[in-house]
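Written out below as structure tokens is the structure these notes cover.
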Amino acid sequence: MFIVYHLIVFYLASHFIWYLFRENEFWKRVSVALVLIMFFLRLFLIK
Amino acid sequence: MKCLKDRLISGLLLLLSLALCFFSTQKFREQHKKETLFPSEGLASREMLSSYFPGLIDTPGDTEVYIYGGQNPGGNILILGGAHPNEPAGYVTAVILIENIQVSQGKIIVIPRANNSGFTHSEPQEGNLRGYSLETPGGKRFFRFGSRLTNPIHQWPDPTLYINPSGQKLSGQESRNLNRCYPGKPKGHLTEKIAFAIMEIIKKEKIDLAIDLHEAAPEYPVVNAIVFHENSAELASYSLMELQQIGFEFRLELSPNNLRGLSHREWGDHAQVMAILLETANPSQGRLKGKSSLSLIIEGKDRNYSKAAKFGLLFVPFDSEGIPVKLRVARHLAAIKILLSSFNELNPEKRIEVNHMPSSSQVKLKGIGQFLCPPYRK
Amino acid sequence: MSEAAIFLFMIATFALLAMVLKLPIGVSLVFSALAGSLLGGEGAALHHLVEGSFGYFDTILIIVTAMIFMKVLQESGILDTVTALLLKSFYRRKVALLLTVMALVMFPGMITGSSTTAVLSTGALVAPVLMKMGLSRVKTGALIAMGAILGMIAPPVNILVMIMGGGVDMPYVGFTFPLLIIVIPLAVSTSLWLGYKNIKIIEYNQMKEVLPESFFKNYGFRLYLPLIIVIGLLLGQSLMPGIIPDIGIPAIFLLGSFLGIFCGKPLNILKTTQKAIEESMPILCILVGVGMFIQIMTLTGARGWIVTSFLSFPPLLLYLGIATSMPLFGAVSAFGSASILGVPFILAMIDKNAILTSSALSAVAGLGDLMPPTALAGIFAAQVVGEANYFRVLRFCLMPALFELVIGMAVLLFAPLLDKLI
Amino acid sequence: MIKNIFKILFLLAFFIFTVSAREKKETALPVFEQPLLITSAGQGAEVYLASVLAKRAGLNSSLSKIAAPKDMKNIKTLVLVLGASLKGLGSAGLDKAKEKERINLLVAEAQKKNIPILCLHLGGEARRGKLSDEFITFFLPFAKMAIVVKSGNKDRLLSRICEERNIPWKEVEKAADALKPFKEAFK
């Protein structure tokens, strides 16, 4: 299950990055960047 | 052109996100470092938990097991600290034992970091400090303040509903609470494996008496308590009376038989040992706690708790003096000492003799640091 | 600097950013947390901020995956098909329709204990049916939001009670009846109150007109497969543990979404995911912000100060404190409210039957999911019915929510009496 | 002047009378008979303490946390250990009302068979509070004698009840000190 969830995090993180480049409104992009922090940390098994 | 500029901004934000990750990473990584412990000369051997249950080899749940005595047969005692790494007195008491005791008859096994993984992170939204320093004669020693639960990077995801090995239904995150996972499962998740390994120690080392050191928030009804399994009812009652004689008030609580998965219940049920759990009052893990600070952890002072005590909301006396960690450790030490002597009285054929165990009055008087090795000793 | 001052400063910063400068709520929360940390003398405690947000990491995964699942249901035609089925069955029976809809919305909440799951799965299914039968968009949203919250409280799985029980060492046993006493009257009254007047009984022909296209004829039974799998797995993990593997709510939703690709109208799952992320982003950021906000509140002692203040109310005011603080604190999340306030409140009323007390408190805490800025149930219900301003949905939740509060408080007050009856 | 002397004499006489009366009461402590049945009123764990005390005192006792009237067949004394524990109640599958009902039945049976009741409160301050106090005020009045640990009687709730109903009572410093009066209370 651990690996499955890791893949889920990876899948969603890549979508967040994609969305970050699609979105035009500045503050929405800031939101994405903030949410991404967590996904990166979990992806690299830091937190 | 605008498109390029937009991409640039997005790129910068992505970099910002990565940078923030990077800067917070260091603190989170640091927490995985174990502080060195300096066992006393009485140490007979140092094992790993995985040597009792190989399923833990190379997992973050593997942890040191310190064994004292064993040359002369007698009673076998297990003392568990750090089952909940956010309860400093339990951990520090175990460390004090490791760094001082010698056992001339019987055997004492101490596991200071029972949930090793829990020491590697701290709980979200609890605003805890990473650790605390205690002053020893030769300088400061740092101790980790961890989380009650196993680190999610070691055990993830939580089930929606956790049904523990004893069949109790609990909220999902309790699957990472070592003291809800007994008797464990060899093929379960990490925390259940740790619990299983501890059961293996109890069985393989033929433990007679097992003591689990804990702390609880002052607003929790079972605090300053001896929780006991039916197996150890007599031992607990004797000990309570003895403890009162030397000035420690404890409350006696029988382990409920419908609350499954806890050490005091499953150790007794599954391994027939005398199971005891000790609780002291720790304001730094409570819901009412004020600003996170060293003084909250070490001196145990908190304005909110003094106020709550006045309103009769607490189950221990709490005034502006607080409940310092040295007092809590002293309580644990006193209880352990009395439990051992009562054990000897009740089981004369299985005596246990411990020397150099710091006395509770000395710890209360001089502080914990006096009984810890200085940080440089080899 | 006193805790109260720090807290007020954080609130003021938030208000300034969100209302005057019109920044997104989530971002405003993040900055006000940062401001609180600076003022509290913690510096820019970056690791604390990040750690706080992790309190919602699992919730965020549930939200994103549930959203993806809902989008897949829409785009694959499953949603239309189910709507058609429900419409055909219920177009002439008003009360039956309302009660069935209520039960359907509550169902995922009952087995997962999460209101978000309920709104975004069966909530999305019933929304078009209600609207086609004449119920306004906002009232439909309100009904779904309330249904989801009631589902969260209803047995067999009430995570709020489990969290409170964990704090006072009370096993999760014997809650079915007390919870039903609270939930059933609320479920019936809420659905009828919101729907009875507006739902129209329509003629067959009228029904035919509003009937969306059913894709059953094109894809047959497999169309329902994603729904069946998702519901089956959700049910299985709580009712048949050990037999049906517990893969967790996010994985269940993603599995359902994945199946959806093959079971209905063709869809591009990558684009669907993007749409889902786009729609859930504001709430995700709010959760990140709230997490940071709470962490700093705890760190600076503001949280402890608030909890202690509410607890030290005299007995009569204590009930007032419960009735106000628990839903208010639910802005953090109903679960947070149950853990931080619910546990001390149970302990403060320790002489009463703890099962009844915690059941009642869970009903009160559940309302927290209607409390802005997180308002998980309200926000997603608004999204499901396509209403941009979720406050309009919340307005219609007000009466049923008050009713729930009254029932919750009544059970609390009359616990000794009920104790004898049960 | 004479009036005053009279007054003083009268007061003195009254004082001596009351003191002697009280002493008389203390010497007339009831004597309980063995075997005894120890049970809890409120499921506090001190019932085990009582059992250890009885054992140390060399008394012929049996312990049943959830004793019922049928357990009182050959019993000469019923020992009620006062003090409530939520955990204990939950564990025994009881709630406050059911526990009270159980004790009520025991007390009724004891009264029917003329079995005297000895009440112990050994938990001190920790075993007080709303829930415990209910059991204390409810069942202490049925006692023939009571032994209480001092810290549990700080507000004099227990001693007041005893005095109001002329129940002889002993206050001890610690639970272990209860051994002496406990032993002495039996033949």
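Counting the residues of the range B:40-71 that are farther than 28 Å from B:Phe142 by Cβ, polar (S, T, N, Q) and in contact with an Asp or Glu (Cβ under 8 Å, 6 or more places away or on another chain) gives 0.
Mind telling me which of the residues A:Arg42, A:Arg29 ends up being over 23 Å from C:Leu254 (Cα atoms), crowded, with 21+ Cβ neighbours inside 10 Å and either facing another protein chain (nearest Cβ under 7 Å) or under 14 Å from the mean Cα position of the chain (by Cα) (or both)?
Numbers: A:Arg42 fails: over 23 Å from C:Leu254 (Cα atoms).
Exactly one of A:Arg42, A:Arg29 is over 23 Å from C:Leu254 (Cα atoms), crowded, with 21+ Cβ neighbours inside 10 Å and either facing another protein chain (nearest Cβ under 7 Å) or under 14 Å from the mean Cα position of the chain (by Cα) (or both), namely A:Arg29.
The residue list A:Leu7, A:Leu36 contains one member that is at pLDDT 95 or above and in contact with a Cys (Cβ under 9 Å, 6 or more places away or on another chain), which is A:Leu36. One residue stands out in the range B:160-215 among those that are modelled with pLDDT under 95 and assigned to a strand (DSSP E or B): the one that is surrounded by the fewest Cβ atoms within 10 Å (Cβ to Cβ), namely B:Ile163.
Note on the range D:73-95: residues that are crowded, with 20+ Cβ neighbours inside 10 Å and either within 11 Å of chain B (Cβ to nearest Cβ) or not in a loop (DSSP other than H, G, I, E, B) (or both) total 16. Scan the range C:351-388 for residues that are touching a residue at least 40 places away in the same chain (Cβ under 8 Å), in a loop (DSSP other than H, G, I, E, B) and within 14 Å of chain D (Cβ to nearest Cβ) and jot them down. Of everything in the range C:351-388, those that are touching a residue at least 40 places away in the same chain (Cβ under 8 Å), in a loop (DSSP other than H, G, I, E, B) and within 14 Å of chain D (Cβ to nearest Cβ) turn out to be C:Lys352, C:Asn353.
Of everything listed in (1) under 30 Å from B:Leu20 (Cβ atoms); (2) surrounded by 24 or more Cβ atoms within 10 Å (Cβ to Cβ); (3) away from chain B (no Cβ under 14 Å); (4) among the β-branched types (Val, Ile, Thr), the single unmet condition for C:Val72 is (1). Residue count for the range C:318-335 satisfying the condition of being away from chain D (no Cβ under 14 Å), in a helix (DSSP H, G or I) and touching a helix residue (DSSP H, G or I) at 6+ places or on another chain (Cβ under 7 Å): 10.
Looking only at the range B:316-337, residues that are outside any helix (DSSP H, G or I), touching a residue at least 60 places away in the same chain (Cβ under 8 Å) and surrounded by fewer than 24 Cβ atoms within 10 Å (Cβ to Cβ) come to 1 in all. You will find that of D:Ile161, D:Ile167, the residue that is of a type in the set (Val, Ile, Thr) and closer than 26 Å to D:Arg56 by Cα is D:Ile167 and no other. From the list C:Leu254, C:Leu211, C:Leu259, C:Leu179, pick out the single residue that is touching a Leu at 6+ places or on another chain (Cβ under 8 Å) and under 29 Å from B:Pro159 (Cα atoms). It is C:Leu259. Each residue in the range B:224-248 was checked for being part of a loop (DSSP other than H, G, I, E, B) and crowded, with 24+ Cβ neighbours inside 10 Å, and 1 of them qualify. Which of (1) in contact (Cβ under 8 Å) with a residue 60 or more places away in the chain; (2) more than 9 Å from chain D (Cβ to nearest Cβ); (3) polar (S, T, N, Q) does B:Asn224 not meet, given it meets every other one? The one condition B:Asn224 does not meet is (2).
For the range D:68-86, the count of residues that are under 22 Å from B:Leu346 (Cβ atoms), out of contact with any Asp or Glu (no Cβ under 8 Å at 6 or more places or on another chain) and of a type in the set (Asp, Glu) is zero. Just one residue in the set B:Glu279, B:Glu242 is in contact with a helix residue (DSSP H, G or I) (Cβ under 6 Å, 6 or more places away or on another chain), within 13 Å of chain D (Cβ to nearest Cβ) and among the charged types (D, E, K, R); that residue is B:Glu242. The residue list C:Leu412, C:Leu405 contains one member that is at pLDDT 95 or above, within 22 Å of C:Thr324 (Cβ to Cβ) and surrounded by 18 or more Cβ atoms within 10 Å (Cβ to Cβ), which is C:Leu405. The helices (runs of 4 or more DSSP H) located wholly in the range C:224-314 that include 2 or more residues which are in contact with a His (Cβ under 9 Å, 6 or more places away or on another chain) and more than 10 Å from chain B (Cβ to nearest Cβ) occupy C:269-300.
Going by the structure shown, is C:Lys71 in contact with a helix residue (DSSP H, G or I) (Cβ under 6 Å, 6 or more places away or on another chain) and basic (Lys, Arg)? So C:Lys71 passes the test.
The values are calculated or read from the model by the stated rules, or taken from the named source; none is laboratory data. Note that the structure is predicted; figures quoted are calculated from it, not measured. Note that each Cβ is placed from the backbone with ideal geometry, even for glycine, and that neighbours are counted across all protein chains shown.
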